[in-house]
Amino acid sequence: AIDTILKVFRKNKKPFGGVQALFIGDLYQLPPVVKDAEKLLLDNYYNSPFFFDAKVLEQSPLVYIELKKIYRQSEQTFIDLLNKLRHNELEEEDFYTLNKRYDPTFAGKDKNYITLTTHNHKADVINADELRKLKTKLFEFKGQIKGEFGDKQLPTDMILQLKEGAQVMFVKNDSSPEKKYYNGKIVVVSKINGEEIYIRFSDTNEEMLVAHEEWENITYKLNKETNNIDEDVTGTFMQYPLRLAWAITIHKSQGLTFEKAIIDAGSSFAPGQVYVALSRCTSLDGIVLHSRITEHALHTEARIATFTMQEEKESTLQHQLQQEKFKYESEKLISMFKWQRIMDMMYEFEEITLLSKSLPEQAEAVGFAKLLIDKAKEQKTVADKFIIQLDAILHEMTLTGNTSSLKERLKKGISYFIKLLYEEIVVPRENYLKSLGGKSKLKKYIAAVIEIEGKCWQKIFELQDCTYDEGNLFDPSMKLKKTVLQIKTAKVEKGASSKESLAYFLSGKLVEEIAGIRNMTVSTIEGHLAEFVKTGELEIARFLSIEQIEKIKKTYQSSEERTTTILKQLLKDEFSYGELRMAINHLLFKKEI
């Protein structure tokens with residue numbers, strides 16, 4: 001999906017629309033969760049549910065590099081053990097070392113151990129059982145949802161049950177400047193006083209009052225006025241950022257770090273599950289096993305193993321890097337002289353000029369737009385020939401390594417095309433925009449043309465800022481500076497649109513005819529005329545009968561909500577919005593409501 005969108009909007013058929021992509025992740029952790037119904041559909045199109053079998057990556061194979069430095073663990077014995085487990089290469093001695101940590105009766109009381117288990121129901125049973133064992137009073141803290149916030153999105157329980165002495169885990173990073181806790185930090189509830197929850201940090205013995213936290217459900221929408229993506233908070237969830245933490249699932253533990261953990265991974269069902277559980281811990285001494293680690297519990301995904309075997313040697317990478325660098329620089333240089341974007345801008349200018357009904361002397365304006373298209377076509381013809389020359393010089397460079405010929409040609413080409421674009425397209429259109437100053441009803445049109453003008457300047461800046469081999473190709477002292485255009489249009493008198501509709505109506509035109517003439521909806525014209533019903537300048541009898549007005553009046557007075565939308569529903573769409581506004585305005589003028 002990302003590949004498709006980038007290709008469309010960047011107008012570039014290369015993978016990801018020519019954008020360089022970097023993927024970071026640990027392939028040996030838990031695989032993507034694919035439901036049976038989804039698998040049936042995806043299997044028809046994809047070789048696997050893994051990212052590397054996406055169609056775009058089949059076209060453009062990845063360069064695989066493994067990062068070797070480990071940050072969570074420092075004990076070399078434990079690190080070696082995890083690496084063997086990761087690749088399913090455990091030997092008999094390794095199983096023995098691991099299973100020395102086996103103690104099925106260990107409970108970890110008062111030592112802040114968390115149990116990592118394979119299934120949700122196991123974690124829920126452990127947490128409920130441990131909470132029940134505490135002799136202290138049970139408290140319930142109800143979360144608050146505003147707007148839309150689905151049950152599956154909740155980071156903790158809607159009704160959080162806690163007791164003093166309960167082992168809990170923070171489920172959010174501390175948003176205060178103190179940063180006292182992080183997502184996954186395990187603490188104990190030390191005191192509950194009404195709605196106040198206090199916890200104690202085992203490492204410092206410090207007590208802290210826990211504050212409510214808020215989570216937002218965010219959707220993204222296109223703002224058509226600004227052409228930007230706006231965040232829209234559709235709902236919020238407020239609750240204490242805690243959850244019972246005697247146990248959680250291995251899936252939920254991904255990304256977390258624990259100093260002490262009881263691991264029950266004997267029923268592991270997913271590739272990488274045992275590895276994820278063990279690698280959450282900082283040391284082997286901090287691990288207690290509630291089930292033995294056997295070969296049966298280990299699952300390695302063969303497709304992941306095959307993919308990771310592609311890791312490149314450092315010498316190969318250096319050679320490939322130089323090749324790709326030259327290829328990237330070459331494509332970047334050639335793309336600067338691809339003139340199709342300029343052509344598209346000229347066609348866009350012609351289109352908005354054709355659609356602007358309020359544009360004075362539209363025929364002349366359309367003719368001017370076509371002239372710019374012709375200029376852009378001529379420029380594109382020259383640019384296409386220049387690209388062929390560049391391609392030949394670049395090919396020669398791969399044989400000789402001499403860059404002087406390329407730099408000289410680029411310098412001349414950049415200066416030439418900047419001059420063409422500026423003198424033949426930018427300046428004429430800026431003069432055209434200035435000629436529209438003082439004319440009314442052109443605000444949107446002028447804004448659209450200025451936006452296109454900005455894109456032309458972007459091309460000029462791209463050419464002016466071009467570098468090769470860390471050197472500028474255009475003399476900085478010769479750089480053009482963008483003209484800031486401030487085109488003021490004549491202000492339309494307030495209410496002028498309504499008065500224009502009134503003038504047509506008084507001249508004998510029907511509402512439908514006026515709507516056609518003014519390219520507006522019937523309801524809009526009725527709304528214009530309703531304003532003059534309210535002032536008494538138009539009689540209601542021109543639009544509605546006495547019986548119709550009485551019917552609307554009766555419904556209006558009996559309704560608790562008196563919006564035109566509610567009235568329209570109550571009257572079963574017998575009247576249009578405009579007719580309802582007329583009736584209400586008439587009754588307001590007569591002071592009958």
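Assorted remarks:
- In this structure, the residue pairs whose Cα-Cα separation is over 30 Å, taken from Lys224/Lys252; Lys380/Lys411; Lys338/Lys482; Lys357/Lys419, are Lys224/Lys252; Lys357/Lys419.
- The value of relative contact order for the chain, using C-alpha pairs under 8 Å at least six residues apart, is 10 percent.
- Kyte-Doolittle mean at least -1.0, axial Cα span of 27 Å or more - DSSP H helices of the chain: 362-400, 443-464
- Residues Leu209 and Val366, FRET efficiency given R0 of 60 Å [Cβ-Cβ distance, rounded to 0.05]: 0.30
- Highest-first arrangement of 568-578, 442-452, where packing means the average Cβ count within 10 Å: 442-452, 568-578
- Alpha carbon centroid spacing (whole Å) that separates region 350-429 from region 547-585: 60 Å
- Extension gain for Glu537 to Lys313 (0.36 nm times residue separation, less C-alpha to C-alpha distance): 72.0 nm.
- Subset of Lys375/Lys407; Lys133/Lys163; Lys441/Lys481 violating a 19 Å alpha-carbon distance limit: Lys375/Lys407; Lys441/Lys481
- When you restrict to C-alpha pairs under 8 Å that are six or more residues apart and normalise by the size of region 1-154, the relative contact order lands at 10 percent.
- Residue order for Met309, Met158, Met397 - accessible surface, 1.4 angstrom probe, largest first: Met309, Met158, Met397
- For the chain, a simple Cβ point-charge model (Lys and Arg +1, Asp and Glu -1, everything else neutral) yields a dipole of about 1680 debye relative to the Cα centre.
- Accessible area of Thr535 (1.4 Å probe, protein heavy atoms only, ligands and nucleic acids ignored): about 80 Å².
- FRET efficiency for Lys224 and Glu396, using Cβ-Cβ distance with R0 set to 45 Å, rounded to 0.05: 0.35
- Spacing of the modelled spin labels on Glu89 and Ala297, each 7 Å from Cα toward Cβ, amounts to 2.2 nm.
- Pairwise FRET efficiency - Lys146 versus Lys252, Cβ, R0 = 45 Å, nearest 0.05: 0.95
- Shape call, region 438-593: gyration tensor on alpha carbons, a/c limit 1.5: prolate
- Selection from Ile373, Ala392, Leu354, by position along the positive dipole direction of region 330-408 (Cβ): Ala392
- Gap separating the Cα centres of region 179-241 and region 89-127, nearest whole Å: 29 Å
- Relative contact order %, region 6-92, counting alpha carbon pairs below 8 Å whose residues are six or more apart: 18 percent
- Spatially proximal aspartates and glutamates relative to Lys443 (Cα-Cα < 14 Å; intrachain offsets below 8 disregarded): Glu225, Glu451
- Note on the chain: dipole from Cβ charges, positive end direction compared against Gly401, Pro104, Gly184; the farthest Cα belongs to Gly401.
- Solvent-accessible area of Arg542 with every protein chain in place, 1.4 Å probe, in Å² to the nearest 10: 140 Å²
- Between region 300-318 and region 136-162, the C-alpha centres lie 45 angstrom from each other.
- Candidate lysines - alpha carbon under 30 Å from Lys554, same-chain residues fewer than 8 apart omitted: Lys534, Lys568, Lys572, Lys590, Lys591
- In the chain, helical runs assigned H by DSSP with n ≥ 4 each contribute -39500 (n - 2.57); averaged across all residues and rounded to the nearest 500, the mean residue ellipticity at 222 nm is -14000 deg cm²/dmol.
- Candidate cross-link partners of Lys135 among the aspartates and glutamates, defined by an alpha-carbon separation under 20 Å and a same-chain spacing of 8 or more, comprise Asp110, Asp124, Glu164, Glu195, Glu196.
- Across the protein chains, with a 1.4 Å probe defining accessible surface, the residues Ser267, Ser356 rank Ser267, Ser356 from largest area downward.
- Accessible surface for His395 stands near 120 Å², nearest 10, in the context of the full protein assembly shown (1.4 Å probe).
The values are calculated or read from the model by the stated rules, or taken from the named source; none is laboratory data. Not measured: the values here are computed from a predicted model. FYI the Cβ positions are ideal-geometry reconstructions off the backbone, even for glycines, and counts take in every protein chain you see. To get the accessible areas, we keep the full protein, side chains included, count just its heavy atoms, and leave off ligands, DNA and RNA. Shrake-Rupley method; radii C 1.70, N 1.55, O 1.52, S 1.80 Å.
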